[in-house]
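Single-structure report; data block below.
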Amino acid sequence: MQSNNAKSKQQYYFSISFIIISLIFWIWAIINTIQHSFDAGVISFLTVLITHTIILLSRWKQRGTRRTSAVSSKCSSWAVLGTHLLVTLNYLGGIYAAVATDLIEPPSKRTGFAIYCVVAALIWFISAIVGCRLFSA
């Protein structure tokens, strides 16, 4: 069993990583929305960004009190699970758009986009499970 300090560090690095990742992809989704059409990443990546920001703010607030344990609660674990799964669903929608519709233009980009979406969906699904376990009590 790992110490609270080790778990707290893992939570910190997990949240910082996903703040950076989601911020980059959120900006990308905004640009896609402005230049092309609505990208659901504008919503899904924002939820991840907000969730991990709140988790870090909660962690920093606890630092000033006697509680220095890892930030663990049902709320944190469910929020991480839900927001990461929302991004996963977004990428699953991208797979559908690439394979079953004519939404991705030109057609020569569909296979590459589908592969990108499959890989991203798997990564975000794994991060949902890992994050849920990491933030559970």
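The values are calculated or read from the model by the stated rules, or taken from the named source; none is laboratory data. Predicted model only: the values in this text are computed from it and were never measured. Note: ideal-geometry Cβ built from the backbone for every residue, glycine included; neighbour counts use all protein chains shown. These accessible areas exclude ligands, DNA and RNA; they are computed on the full protein's heavy atoms, side chains included. Shrake-Rupley method; radii C 1.70, N 1.55, O 1.52, S 1.80 Å.
Things worth noting here:
- In region 90-119, the residues that are charged (D, E, K, R) reach residues that are surrounded by 15 or more Cβ atoms within 10 Å (Cβ to Cβ) with C-beta atoms within less than 7 angstrom, at least six apart or across chains, in these pairs: ARG110/ALA98; ARG110/ILE104.
- Check on LEU81, open to solvent by 60 Å² or more (accessible area, probe 1.4 Å), part of a helix (DSSP H, G or I) and at pLDDT 95 or above: no
- Reported count of residues in region 1-21, each being open to solvent by less than 40 Å² (accessible area, probe 1.4 Å) and touching a residue at least 40 places away in the same chain (Cβ under 8 Å), is 6.
- Of all residues in region 35-57, those that are surrounded by fewer than 18 Cβ atoms within 10 Å (Cβ to Cβ) have Cβ atoms under 9 Å from Cβ atoms of residues that are at pLDDT below 95 and hydroxyl-bearing (Ser, Thr, Tyr), 6 or more apart or on another chain, in ILE54/SER76; LEU56/TYR12.
- Taken over region 111-137, the criterion of being within 14 Å of THR83 (Cα to Cα) and open to solvent by less than 20 Å² (accessible area, probe 1.4 Å) is satisfied by ALA121, TRP124, SER127, ALA128, GLY131, PHE135.
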